[in-house]
Amino acid sequence: MERVSSQVRVMVTSIVLATVALTPLRVQAVAYLYHFGTVFSGSAPAAPAPWVDALYQDVTPGTVRLTLSNVGLTGSENVFGTYLNLDPSLNPTSLTFANVGGSGGFDLPTISTGVDAYKADGDGYFDIKLVFNNDGLSDASRFTAGEYVIYDISGISGLSAANFAFLSAPDGAPGVFYGAAHIQRVPGDASGWVGSPVPEPSAQFLFLLAASLWFGLRLSRRGASAGRV
C-alpha cells in the first residue's frame, strides 16, 4: 500500500510541476518567442534562419516587454520594417511604447498603430508597424546585424504577452504570420520579407518544463528504490 501511495505522489507531483510549466501566460509570466525564419516574398538573407526574433514578456500587470533582435542577419543586412499583431478585441491605437534599452548604434524606429492598418508585402495586415532608418547615409543609423531594441508596451488595462499571440488578417497567397519583417541589403542588392508562422516556447518555458520532468524522474526513482527495500 505504501509503495502504491508513493507512486501516486510521484505522479501527482510530476503532473503539477508540468502544469506549472504549461500554465497560460495570463496566469504565469511565461514569454512568447517568435522566430522570423520563413521567407514569403523576395530573397532570403545570407545566413540560416531565423533572422529576426521578437520576444514578449510580462513585466507587470498591464505592461509587456518587447525585445526585437537581429539574431541571424550578417554583413550589411538591415531591418527596415517590423510588423506585429494584437488581440482583435483590443484597440492598438491605445498602446504606448517606452524605449527601455537596446544595443544602441542605430536610430530608434517610428512606431505606428492601427487595426489591420499595415500590409507586409504579399502577406496579410498587421496592427503595429516599426519603421527603422534606411536613409542610406551610413550603417550607424540602420538597425543591422546583431543589434536589438527593447520596448515596454502599456496603455491597455490588463495587457499581457498573450495579447500579441495573434495572426495577421489574411490577404494574399503567402498565408498569415504572427509577425513579419522587411530585410534590406540582402546579398545581390536584394531584399526579403520574412515572417513567423508559429510561436516558439521561450527559454523560461523550456527550463520549467525540463525542471518538472527532471524532478518527477528523481521522485519516481526514489519511490522505486524505497519499494525494493
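Structure data summary
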read-out: Sulfur and carbon atoms: percent of accessible area, the range 74-199 [1.4 Å]; value: 52 percent
read-out: Listed residues Val115, Val149 arranged by accessible area, highest first, probe 1.4 Å; value: Val115, Val149
read-out: Å² per residue, accessible surface of the range 109-180 at 1.4 Å; value: 39 Å²
read-out: Percent of C-alpha pairs per 5 Å bin, the range 56-137, short to long; value: 3, 11, 21, 25, 21, 13, 5, 2, 0
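The values are calculated or read from the model by the stated rules, or taken from the named source; none is laboratory data. These figures come from a predicted structure and were not determined experimentally. Remember, those area values only see protein heavy atoms, side chains included, never the ligands or the DNA or RNA. Shrake-Rupley method; radii C 1.70, N 1.55, O 1.52, S 1.80 Å.
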